[in-house]
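These notes are about the structure you will find just below.
The values are calculated or read from the model by the stated rules, or taken from the named source; none is laboratory data. Computed from a prediction, not measured in an experiment: that's the story for all the values here. For neighbour counting, all protein chains shown are included, and Cβ atoms are generated from backbone atoms with ideal geometry for every residue, glycine included. For accessibility, only protein heavy atoms count, side chains too; no ligands or nucleic acids. Shrake-Rupley method; radii C 1.70, N 1.55, O 1.52, S 1.80 Å.
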Amino acid sequence: MPHQARIALTMPRLGLYGGAEGFGWRLAEALCAEGHAVDFLCARAEGKPPAGVRVLELGRPPLGRALKNLWFDHAVEKHVTGGGYDLVIGLGRTRSQDILRVGGGPQSIFNRLTEAAYGNALSRFWKRLRRALSPSSAVIAWMEARQFEHPLNPDQRIVCVSHLVRDWLLEAHPAIDPASVSVVYNRPDLTRYAPLEPERRHVLRAAQGLLPSDVLLCTAGTNFALKGVGTLIRALALLPPRFHLAVAGGRGPQQWLSLARNLGVEARVRFAGKVSDMRSFYGAADVFALPTYYDACSNAVLEALACGLPAISSARNGSAVFVPQRHILPDPADHVTLAGLIEAAAADRAAAEQDHSAAPFIWPDDRPCGLEPYLEMVRDMLTQKGV
């Protein structure tokens, strides 16, 4: 058992809903299991925290996103400066930490790659203008430059969630020493995400009114524009009537239902809202697709693969490295190519099921992923500190 250390994790929100939030929750739990005293510094906590973790809600004033970011950064810095921690792990935009996990990517790259998700040229122009004039965008850009180019802890280790994010980070901040940046991919809980039993799958599909010959395409995300839901609906309109689309995510779908109505496919599109049982959501489907305009390392792609689905991803997703090359969409706006990829993936799955040749998804062991690399890093750094 490693020596007990006092460790702080910093993140605006503690909870299990959301990829970054779920990772922070599991990392705190794992560090406690290692025998450490763990404080989770957050603006707010949702739900029950991991056993043994002390939650410190620092709060944020209701003064807009820019001031919220600045306030949380200041509150964290004030607390950790005199907190007596042996190690600080940053999971957000904070100034001083020993380990900084980059779960998103540079704001400038994000803005450039996602602009095309916002409709026609005029809509994109207004989006670009709003971003340029936004106080929040200016604050985030300033915080990023300070965090990566002038950190308070010059020995901080930077960990990106994919090689794609690492490339984006080094492009946006060339002052960073590439040797200080490592990559650890996300990894879903493979005991939670696994293929369903055939009987359960049949019940779920029947409950949705699907025929055995129907093909259910699914996707997941909260920002439907950035996740390429418009591209999916346009692709669906090119596919035969037996193809259906289910979308998991918590935001209002009115704009996208209107698009589906205009294309004559509204009856084949279902927005499921926030889904608590994602394994069943994936398990009822035949194909997963995420034509995203920007994703650091989509957990949904990895979860779908673990549940036995063929997964299609755009090339702008860090977890696309887990997807076969034939299932990668180069342009997230190309609905014609996407329709072809969906039809081919559905045909491959049907053929594999018919002759019982479907191979289970095996997690590749040639990429650092999950929690263990972080725990090893913590052990190494604590040893160096003599803790």
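Of all residues in the range 284-299, one or more are at pLDDT below 95, in a helix (DSSP H, G or I) and in contact with a helix residue (DSSP H, G or I) (Cβ under 8 Å, 6 or more places away or on another chain).
Listed conditions (1) within 16 Å of the chain's Cα centre (by Cα); (2) open to solvent by 20 Å² or more (accessible area, probe 1.4 Å) are all met by V184, apart from (2). Of the residues that make up the range 173-193, is at least one in a loop (DSSP other than H, G, I, E, B), touching a residue at least 12 places away in the same chain (Cβ under 8 Å) and in contact with a Lys or Arg (Cβ under 7 Å, 6 or more places away or on another chain)? Taking every residue of the range 173-193 in turn, at least one turns out to be in a loop (DSSP other than H, G, I, E, B), touching a residue at least 12 places away in the same chain (Cβ under 8 Å) and in contact with a Lys or Arg (Cβ under 7 Å, 6 or more places away or on another chain). Among the residues making up the range 335-379, a single one is small (G, A, S), open to solvent by less than 60 Å² (accessible area, probe 1.4 Å) and in a loop (DSSP other than H, G, I, E, B): G370. If you go through the range 45-82 and keep only what is under 25 Å from L375 (Cα atoms), open to solvent by 20 Å² or more (accessible area, probe 1.4 Å) and not in a helix (DSSP H, G or I), you end up with A45, E46, G47, K48, P49, A51, G52, R54, V55, L56, E57, G82. Residues in the range 237-250 that are crowded, with 18+ Cβ neighbours inside 10 Å and either on the phi > 0 side of the Ramachandran plot or basic (K, R) (or both): G249 only. Exactly one residue among P135, P174 is surrounded by fewer than 19 Cβ atoms within 10 Å (Cβ to Cβ) and modelled with pLDDT of 90 or more, and that residue is P174.
Counted as qualifying within the range 197-280 are the helices (runs of 4 or more DSSP H) with 2 or more residues that are farther than 24 Å from E115 by Cα, namely 198-207.
Would you confirm whether or not the range 271-281 contains a residue that is open to solvent by 10 Å² or more (accessible area, probe 1.4 Å), closer than 21 Å to P195 by Cβ and of a type in the set (V, I, T)? Taking every residue of the range 271-281 in turn, at least one turns out to be open to solvent by 10 Å² or more (accessible area, probe 1.4 Å), closer than 21 Å to P195 by Cβ and of a type in the set (V, I, T). Which one is nearest to Q147 (Cα to Cα), of the residues in the range 43-76 that are touching a Lys or Arg at 6+ places or on another chain (Cβ under 7 Å), in contact (Cβ under 8 Å) with a residue 60 or more places away in the chain and of a type outside the set (S, T, N, Q)? Within the range 43-76, the match that is nearest to Q147 (Cα to Cα) is D73.
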